Amino acid sequence: MEKKISVIVPCYNEEESLPIFYEEINKVMKEMKKVKFELIFINDGSKDRTLEILRELAKQDKNVRYISFSRNFGKEAGILAGLEASVGDYVCMMDVDLQDPPHLLIEMYQTLENSDYDCVATRSVSRNGYSFFRKLFTKWYYKIINKISKTPIVDGARDFRLMSRQMVDAILSLKEYNRYSKGIFSWVGFKTKWLTFENIERVAGTTKWNFWKLFAYSMESIIGFSTVPLLISSIAGILFCIVSFIMILFIIIKTLIFGDPVSGWPSTICIIFFVSGVQLFCLGIMGQYLSKTYLEVKNRPVYIIKETEKDVK
Ligand code: UDP
Ligand code: MG
């Protein structure tokens, strides 16, 4: 029986990369003659001509589908929308900037067809083209999250992967609002084969990430996949109780021996500042978890669709 692969491609302001990507993926599709394809592009509230290009592609090519959001919801929302819309036996996720080489799809498909793997995922081994700080930050991020999260997060893992329908359905059964795909893919389990490749620079356009966006994203993933930060406040609490107890004992003994001349104002202030700093820090950690819980409880949709290919066909 003929198998179908759904390719999910999130696009945000990608008018330059999109035509190049379409050409490349077509080459791959031509090589894989035995397989049917659907290309699902997600227009994540682009402000350039991305949507017009998608409309045009959908008109010409019956394999092209697109989902256009009412505003920018972020790549995670795009991935979810694509997964929900996909009907293929296998589902692939790919960036439009060709940082995920489309020709790997052939090897991925062969692996899934001829073995008992449920998923072929990719990781890039180098970080060429990343700034010094991004490299350093990324390295530390993976170290920390793998120490404190029970779900392994593979260093350098990309979202580029091909998955079986069964795995996709498992991913869709996770209804959380704060979605961190790398964690979710790992959490659902299944047998995954890893392919590695050298990091490739984007063909056109610019990256949508800056330092603060990455920082916020990494914090989100830590909060989403670990409760260890909450432990920090408990431990800090206990530690400070012990220290203060020792200090009280010291002062009582000192007063008994030397009397009680008023002194030590600067040290008192320092201690007050330090302790309130720690308290605010711990309160902040709780606040982070509370805010995530708040967003989950509100139960808002992850994305809102404004237009799909059905509107042009
Ligand atoms: N993207 C998206 N919504 C966003 C930001 C990015 O759909 O808000 C898409 C983008 O068009 C690209 C992919 O996600 O296809 C990866 O983005 P980018 O290349 O900027 O990230 P990087 O490769 O630098 O991590
Ligand atoms: Mg990219």
request  = Report yes if some residue within region 55-75 is under 19 Å from Gly205 (Cα atoms) and away from ligand 1 (no atom under 14 Å from the Cβ); otherwise report no.
outcome  = no
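Scanning region 183-202 for residues that are touching a Phe, Trp or Tyr at 6+ places or on another chain (Cβ under 8 Å) and in a loop (DSSP other than H, G, I, E, B), which turns out farthest from ligand 1 (Cβ to nearest atom)? I'd like the intermediate steps shown before the answer.
Initially, region 183-202 is screened for residues touching a Phe, Trp or Tyr at 6+ places or on another chain (Cβ under 8 Å), giving 183, 187, 191-193, 199.
Checking which are in a loop (DSSP other than H, G, I, E, B) leaves us with 191, 199.
Working: Lys191: 26, Asn199: 9 Å.
By that ranking, first place goes to Lys191.
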note = Flagged in region 80-118 as away from ligand 1 (no atom under 16 Å from the Cβ), acidic (Asp, Glu) and either without any contact (Cβ under 8 Å) to a residue 24 or more places away in the chain or out of contact with any Lys or Arg (no Cβ under 8 Å at 6 or more places or on another chain) (or both), in numbering order, are Glu107
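Of Leu162, Leu174, Leu195, Leu214, which residue is under 27 Å from Glu296 (Cα atoms) and either buried (at least 18 other Cβ atoms within 10 Å of the Cβ) or modelled with pLDDT of 85 or more (or both)? Give the derivation first.
Numbers: Leu162 fails: under 27 Å from Glu296 (Cα atoms); Leu195 fails: under 27 Å from Glu296 (Cα atoms); Leu214 fails: either buried (at least 18 other Cβ atoms within 10 Å of the Cβ) or modelled with pLDDT of 85 or more (or both).
Selected residue: Leu174, the only one of Leu162, Leu174, Leu195, Leu214 that is under 27 Å from Glu296 (Cα atoms) and either buried (at least 18 other Cβ atoms within 10 Å of the Cβ) or modelled with pLDDT of 85 or more (or both).
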query = (1) assigned to a helix (DSSP H, G or I); (2) of a type in the set (D, E, K, R); (3) within 22 Å of Gly45 (Cα to Cα): which one isn't true of Arg71, the others all being true?
reply = (1)
ask   = Within the set of pairs 6+ apart or on separate chains, which have a first residue in region 196-224 that is under 23 Å from Asp100 (Cβ atoms), a second that is charged (D, E, K, R) and more than 9 Å from ligand 1 (Cβ to nearest atom), and C-beta atoms under 6 Å apart?
value = Thr196/Arg123; Asn199/Arg127; Ala204/Glu16; Gly205/Glu16
message = For region 162-180, check the following and say yes or no: at least one residue is in contact with a strand residue (DSSP E or B) (Cβ under 9 Å, 6 or more places away or on another chain), in a loop (DSSP other than H, G, I, E, B) and closer than 24 Å to Asp100 by Cα.
response = no
note = For region 38-58, pairs from a residue that is in contact (Cβ under 8 Å) with a residue 60 or more places away in the chain to a residue that is surrounded by fewer than 21 Cβ atoms within 10 Å (Cβ to Cβ) and assigned to a loop (DSSP other than H, G, I, E, B), with Cβ under 6 Å and 6 or more apart or across chains, are Arg55/Val312; Ala58/Val312
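The values are calculated or read from the model by the stated rules, or taken from the named source; none is laboratory data. Everything numeric in this text was worked out from a predicted model, so none of it was measured. Positions of Cβ are generated from backbone atoms using ideal geometry, with glycine treated the same way; all protein chains shown enter the neighbour counts.
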